[in-house]
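Here the structure comes first, spelled out in structure tokens, and everything after it is commentary.
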Amino acid sequence: AQSVTQPDIHITVSEGASLELRCNYSYGATPYLFWYVQSPGQGLQLLLKYFSGDTLVQGIKGFEAEFKRSQSSFNLRKPSVHWSDAAEYFCAVGADQGAQKLVFGQGTRLTINP
Amino acid sequence: GAGVSQSPRYKVAKRGQDVALRCDPISGHVSLFWYQQALGQGPEFLTYFQNEAQLDKSGLPSDRFFAERPEGSVSTLKIQRTQQEDSAVYLCASSLSGSRISEQFFGPGTRLTVL
């Protein structure tokens, strides 16, 4: 069965600083990996996804993530955060067999200091 | 709009009441998913439809939960005899593909509070 661990429940960074949110997954086959962002009272918006190919994936809003199979990780990065990036971030893993359901991590809440 | 819509956005129910939550997916999307998101947690899968067929309901927590998508578009999640532990945000998502995993587009959710 798939599982996702986001080790950091809450992270605070200063505006303009770099950001890295950690995600580790467990899945026996090739994973399909996603990062979603959720602002208060909103649904989930897809930032980026990895299905295959280049292990460095570019997403919206200046985010990128790198798939590292040897470390079972898919960490999200941004070189310079903006106050509008404050939100909850979820990593998810999906399977291409059977139901296409996503298994989500617990989430990381990002706070931006001015 | 062209996104996934859900209604109502907020629902308060007394313990023991039945509730029905509606999801309007993006037009033409084959797959539809329901997730439950408890406070401070990530979404958890409830059930999955491909067109009108419910292919996976392994995440439904009890037989009080029932979902349907009779014409392959709008879906309803029904919870009978609500309990306090049912309080959560219920998210609906749809995706274009029915055969391979693809991006899921999420609605804003319905926040259910059971008193």
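The values are calculated or read from the model by the stated rules, or taken from the named source; none is laboratory data. Computed from a prediction, not measured in an experiment: that's the story for all the values here. For neighbour counting, all protein chains shown are included, and Cβ atoms are generated from backbone atoms with ideal geometry for every residue, glycine included. With ligands, DNA and RNA removed, areas are computed over all heavy atoms of the protein, side chains included. Shrake-Rupley method; radii C 1.70, N 1.55, O 1.52, S 1.80 Å.
May I ask you to compute the full-extension gain from residue B:68 to residue B:12, defined as 0.36 nm times their residue separation minus their alpha-carbon distance, rounded to one decimal in nm? It would help to have the intermediate numbers written out before the result.
Values: separation 56, 0.36 × 56 = 20.16 nm, distance 2.18 nm.
Full extension from residue B:68 to residue B:12 adds 18.0 nm.
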In terms of solvent-accessible area of protein heavy atoms at a 1.4 angstrom probe, what is the ranking of B:26, B:79, highest value first? B:26, B:79
Just tell me how shielded A:29-39 is by partners: mean number of partner chain Cβ atoms within 10 Å of each residue's Cβ, no decimals. 2
For the range A:3-113, which whole-number percentage of the solvent-accessible area (1.4 Å probe, protein heavy atoms only) is attributable to carbon and sulfur atoms? 46 percent
Where B:34, A:83 fall by accessible area, highest first, once all protein chains stay in place (1.4 Å): A:83, B:34
Once B:64, B:111, A:69 are ranked on solvent-accessible area with the largest value leading and a 1.4 Å probe, the list reads A:69, B:111, B:64
Carbon plus sulfur fraction of accessible area for the range B:3-115, probe 1.4 Å, in percent: 48 percent
Taking one equal scatterer on every alpha-carbon of the range A:3-113, how large is log10 of I(q)/I(0) by Debye at q = 0.16, 0.20, 0.21 1/Å? -0.67, -1.04, -1.14
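Using only protein heavy atoms and a 1.4 angstrom probe, determine the accessible area buried between B and A, summed over both sides, in Å² to the nearest 100. Walk me through the numbers before you get to the answer.
Numbers: alone 6490 and 6230 Å², together 10890 Å².
Approximately 1800 Å², summed over both chains.
May I ask you to give the average projected area over all directions of the convex hull of the Cα atoms of the protein assembly as shown, in nm² rounded to one decimal?
Working: hull surface 50.3 nm².
Mean orientational projected area (the protein assembly as shown, Cα hull): 12.6 nm².
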What Rg and what Dmax come out for chain B when only alpha-carbon atoms are used, in angstroms? 13.3, 40
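Work out, step by step, the length gained on full extension between residue A:22 and residue A:66: first 0.36 nm times the residue separation, then minus their alpha carbon distance; give nm to one decimal. Present the calculation step by step, with values, prior to reporting the outcome.
Numbers: separation 44, 0.36 × 44 = 15.84 nm, distance 1.04 nm.
Fully extending the segment from residue A:22 to residue A:66 adds 14.8 nm.
Of A:101/B:78; B:57/B:78; B:11/B:78; A:49/A:101; A:61/B:57; B:14/B:78, which pairs sit farther than 23 Å apart, going by alpha carbon to alpha carbon? Write down the numbers at each step before the final one.
On the way: A:101/B:78 20 Å; B:57/B:78 13 Å; B:11/B:78 13 Å; A:49/A:101 15 Å; A:61/B:57 35 Å; B:14/B:78 15 Å.
Where the Cα-Cα span goes over 23 Å, the pairs concerned are A:61/B:57.
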Roughly how crowded by other chains is peptide B:79-87, in terms of the mean Cβ count from those chains within 10 Å of each of its Cβ atoms? 0
